[in-house]
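Asks: My questions all concern the structure below.
The values are calculated or read from the model by the stated rules, or taken from the named source; none is laboratory data. A quick note: this is a predicted structure, and the numbers were derived from the prediction, not measured. Cβ coordinates were reconstructed from backbone atoms using ideal geometry, including for glycine residues, and neighbour counts include every protein chain displayed. Protein only, heavy atoms only, side chains kept; ligands, DNA and RNA dropped before computing areas. Shrake-Rupley method; radii C 1.70, N 1.55, O 1.52, S 1.80 Å.
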Amino acid sequence: MSVQSAVRRKTAPDIRARKKGDPIVMLTSYHAHTAALVDRHCDVILVGDSLGNVMHGFETTVPVTLEMMILQGRAVMRGSKQALVVVDMPFGSYEASKEQAFHSAVRILKETHCGAVKLEGGARMAETIAFLSDRGVPVMGHIGLTPQSINTLGSFRAQGRDEASWDPILKDAQAISDAGAFSVVIEAVAEPLARKITETIAIPTIGIGASAACDGQVLVLEDMLGLSPRTPKFVRRYGDLGPAIEAAIKGYADDVRSRAFPGPEHVYEMKKS
């Protein structure tokens, strides 16, 4: 059996079965080359709408389009072999109706060949999640801080920091689980609340700025590599690549200006007659 045929890509049911098991490792990726690196170590690759921030320089994820998500989803699928690839459904592609959500999700699945989609929102999206799940679309939920709602939230602030605000978030988590989502991202939620949600619902929770008690964790790759201009409180930097990349660019620019590059080893000689 060849190595290629021996590798089986993880599926949404595989991740669902990890509840209270080994922690789920998830990172974002938007390119084939970074996907190949992430794929070696992670269970799930998220093609996040955060690409609007880290690739296109948008202040929010709101301007991201379905076409942008599909394009980068294709790239990540080409670069990965074993991780479950989940593609974000961007703002405006699923909120109008469950039918709109289904048509958008089908486009993503058909055109990228990814294994699941992710959408934001709790109880208000439960009917849509059930509709998609019943029709063969694996759905990852997303509650707590939902960046696509920034224009109504007003700021990227943590959620559930006073116990009086817990009830709606707990209900969101339960509604998503009951609707058939295979997992849920909990973003920027107070640690005790994230822990309680994880203990309460039947599907895996994936924290980002939540609790180490979650069933898994996710970060934006550029954040943890030190490539983002602003680093959220919940990010641990596992690399500081920004200065190293700039130093390499400066070295190249200096060598070009001094004519030290290209050297004799980088140019083509005439063929000997």
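Asks: For Met140, Met224, give the ranking by accessible area with the largest first, probe 1.4 Å. Write down the numbers at each step before the final one.
Replies: On the way: Met140 0, Met224 30 Å².
Descending order: Met224, Met140.
Asks: Run the numbers on the chain and let me know its relative contact order in percent, using alpha-carbon pairs under 8 Å that are six or more apart.
Replies: With pairs under 8 Å counted, the relative contact order is 16 percent.
Asks: Can I ask one more? Where the convex hull is taken over the Cα atoms of the chain, what is its projected area averaged over directions, in nm²?
Replies: Working: hull surface 78.2 nm².
If you wrap the Cα atoms of the chain in a convex hull and average its projections, you get 19.5 nm².
Asks: I would also like to ask the following. Using 0.36 nm times the number of residues separating Lys233 and Glu127, minus their current alpha carbon distance, what extension gain do you get?
Replies: Fully extending the segment from Lys233 to Glu127 adds 34.8 nm.
Asks: Right, something else. Could I get the Rg over Rh figure for the stretch 113-266? Both from C-alpha atoms, Rh via Kirkwood, rounded to two places. Spell out each step's value before the answer.
Replies: Numbers: Rg = 21.1 Å, Rh = 17.8 Å.
For the stretch 113-266, the value is 1.18.
Asks: Going by Cα centres, the stretch 33-56 and the stretch 62-104 are how many Å apart?
Replies: The two parts, judged by their Cα centres, are 13 Å apart.
Asks: For the stretch 67-117, count all C-alpha to C-alpha pairs, find those more than 14 Å apart, and express that count as a whole percent of the total. Present the calculation step by step, with values, prior to reporting the outcome.
Replies: Working: 583 of 1275 pairs.
The answer is 46 percent, as a whole percent.
Asks: Ranked by accessible surface with a 1.4 Å probe, highest first, in what order do Glu67, Glu120 come? Each step should come with its number before you reach the end.
Replies: Values: Glu67 100, Glu120 5 Å².
The ordering from most to least exposed comes out as Glu67, Glu120.
Asks: Just want to confirm a number: the relative contact order over the stretch 146-217, from Cα pairs under 8 angstrom separated by 6+ residues, in percent. Mind dumping the intermediate values first?
Replies: Numbers: 94 pairs, mean separation 18.8, N = 72.
In percent, rounded to a whole number, it is 26.
Asks: I would also like to ask the following. Given only helices, namely DSSP H runs of n ≥ 4 each adding -39500 (n - 2.57), what is the per-residue ellipticity at 222 nm of the chain, to the nearest 500 deg cm²/dmol?
Replies: Working: 12 runs with 108 residues, N = 273.
Taking each H run of at least 4 residues, the total per residue is -11000 deg cm²/dmol.
Asks: Apply the Kirkwood formula to the stretch 22-86: the hydrodynamic radius equals the inverse of the mean of 1/r over all pairs of different alpha-carbon atoms; give it in Å with one decimal. Walk me through the numbers on the way to the answer.
Replies: Values: mean 1/r = 0.0848 Å⁻¹.
This gives a value of 11.8 Å.
Asks: Once label points are set 7 Å from the Cα along Cα→Cβ at both Ala253 and Ala213, what is their separation, rounded to one decimal in nm?
Replies: Computed distance between label sites Ala253 and Ala213 equals 5.0 nm.
Asks: State the extension gain, in nm to one decimal, for the chain segment bounded by Arg107 and Glu269, taking 0.36 nm per residue of separation less the distance between their alpha-carbons.
Replies: On the way: separation 162, 0.36 × 162 = 58.32 nm, distance 5.04 nm.
Answer, rounded to one decimal: 53.3 nm.
Asks: Using the structure shown, list the pairs from Lys250/Lys271; Lys196/Lys233; Lys10/Lys233; Lys19/Lys171; Lys81/Lys196 with a Cα-Cα distance above 25 Å, or answer none.
Replies: On the way: Lys250/Lys271 34 Å; Lys196/Lys233 21 Å; Lys10/Lys233 31 Å; Lys19/Lys171 19 Å; Lys81/Lys196 34 Å.
Pairs exceeding 25 Å: Lys250/Lys271; Lys10/Lys233; Lys81/Lys196.
Asks: Any idea of the accessible area per residue across the stretch 12-240, 1.4 Å probe, to the nearest Å²? Walk me through the numbers before you get to the answer.
Replies: Values: 9930 Å² over 229 residues.
Value for the stretch 12-240: 43 Å² per residue.
Asks: If I compute solvent accessible area with a 1.4 Å probe over the protein chains, what percent of it on the chain is carbon and sulfur? Show your work: numbers first, answer last.
Replies: Numbers: 8030 of 14380 Å².
Accessible surface attributable to carbon and sulfur in the chain totals 56 percent.
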